[in-house]
Structure formats: C-alpha cells, structure tokens
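Following: one structure in structure tokens, then a few remarks.
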Amino acid sequence: MIKDAEVGMDAMAEERRAPRSRPDRGTAPRDRDTGLKQERAVRTRGQVLDAAAEAFAAKGFPAVTVQDVAQLAGVTKGAVYFHFANKEALAQAVAEEFYHVLGVIGREVEEAGLPPLEAVAELLVRTAVVFRDDTMIQAGARLQIERSLIGAEMPTPYVGYTESVTRWLRQAKQEIRCPEATARVLVSAFFGAQHISWILNDRADIADRVQEILGAVLPGAGAAPGKAAAKA
C-alpha cells in the first residue's frame with residue numbers, strides 16, 4: 001500500500017512538471033494589435049493621399065500647404081508627416097498614382113485583344129473618362145504642368161503613354177505609314193485637348209474632344225466610340 005501511494009504521488013508530481021497545452025485562441029493580442037495599427041496606418045495614408053490629390057487638383061502645388069491636406073483628410077499635420085516627409089513627397093506620391101492608373105488602363109486595353117487601331121481608340125477614350133471623373137488623375141495632370149515648381153524629382157511625362165500608342169500603331173502596318181509621328185500627334189492632341197477641356201469646361205466635354213481627334217487622325221478607329229465611351 002505504501003508503495004502504491006508513492007507511485008501515485010510520483011505520477012502526480014510528473015503531471016505537474018509536464019507542460020500543459022494551451023487552447024488555441026487565434027492571433028496573440030500583441031499580433032492583433034500590430035495588425036490593427038498597420039490597417040489604420042494604411043487607411044490614414046490613403047486618406048492623406050486622396051486629400052492631397054483633391055488639394056493639388058483644385059489649387060495647384062504652389063498654393064497647397066500641408067495644413068490644407070491635413071484638414072481635408074481630417075487628420076493632424078503630424079499624421080501627414082508620419083507618412084510623407086513634406087509637400088514634395090505628397091506630390092511625388094500623387095504623380096506615382098497617376099502613372100499607375102494610366103498603366104492599368106493600358107494593360108486592360110492590351111488584355112482586351114482589340115485590333116491595333118481600336119486599341120489606340122479605346123486607350124484614349126478610357127483615359128479621357130478618368131481625366132473627367134478621377135480626382136487623382138486630375139491632380140496628376142496638373143502636377144505634370146507644374147513639375148518645374150516642385151523641388152523634387154518627378155516622373156517624365158508622356159513618354160510611356162507615347163510608347164504604348166506607338167507600339168499599337170506599328171502593328172497596323174498597312175493602315176499607318178509613320179506610326180512614330182502619328183503616335184506623337186495623337187498624344188499631343190490628347191493631352192492638349194484635356195487641358196483645353198479643363199480650362200474651358202472643367203473637362204465635361206473631354207470625351208467628345210477625343211472622338212474629334214480620333215475622327216481626324218484615325219478615321220477608321222474613331223468612327224465608333226470605344227467601350228469606355230459607351231459607359232460614359
């Protein structure tokens with residue numbers, strides 16, 4: 001009996017020493033807290049960037065202050081500076097978004113598998129729609145014009161867009177004699193038209209102006225509006 005009692009006590013002692021498994025309660029509190037902070041930071045950065053775009057589109061780079069952006073975003077100046085070192089960094093970020101959106105439009109048109117001239121028309125019409133409707137694009141367009149006033153390195157405008165148009169026009173060998181020159185004319189006409197439309201009509205008629213360009217430069221492609229124009 002004594003021996004049995006000793007065995008039982010030894011077993012109890014061993015059980016106490018053995019590590020006990022803990023129930024799975026998902027992410028640890030510290031990890032959850034970190035995740036929430038990251039989500040809030042991403043959300044705040046987006047708010048600040050949208051506010052900067054709104055301010056730049058409406059007032060232009062020289063007239064905008066960090067305080068303007070903070071007020072529009074509904075955050076403190078400190079929150080703005082947490083994500084962006086200065087006003088120039090805000091302008092750079094808005095410009096990057098501008099070119100990112102243009103790149104997305106180009107890829108979407110590429111994936112649609114349209115004939116070359118229709119692809120060019122679709123690209124221009126879709127771009128016209130976002131120029132009319134998207135504040136980030138409007139801000140990016142204004143920053144392109146004011147790039148000499150921004151004390152930071154900005155992307156070189158028009159180059160990538162012209163390359164995309166040129167590539168499609170080269171594929172239309174029998175219809176376009178000089179794709180490089182035609183691409184330059186189209187891009188110059190497009191960005192000039194969007195600027196004139198902005199000054200005169202707040203871009204309300206930009207889609208119509210682009211159709212006029214297509215009708216004059218690429219009659220076959222401009223005869224029928226692109227898919228984006230049908231949605232506009």
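Note on residue 41/residue 71: beta-carbon distance plugged into 1/(1 + (r/R0)^6) with R0 of 22 Å gives a FRET efficiency of 0.65. Close amide H partners of residue 203, meaning residues 5 or more places away or on another chain with modelled amide H under 5 Å apart, are 198. The loop-placed GluC sites (Glu not before Pro) in region 159-217, going by DSSP, that have at most 16 neighbouring Cβ atoms within 10 Å of their Cβ come out as 175. Could you calculate the FRET efficiency of residue 158 with residue 85 from 1/(1 + (r/R0)^6), where r is the beta carbon distance between them and R0 is 22 Å, rounded to 0.05? Efficiency, from the Cβ-Cβ distance: 0.20.
Every number in this text was worked out from the coordinates using simple rules, so none of it is lab data. Predicted model only: the values in this text are computed from it and were never measured. Cβ atoms come from the backbone with ideal geometry, glycine included; neighbour counts cover every protein chain shown.
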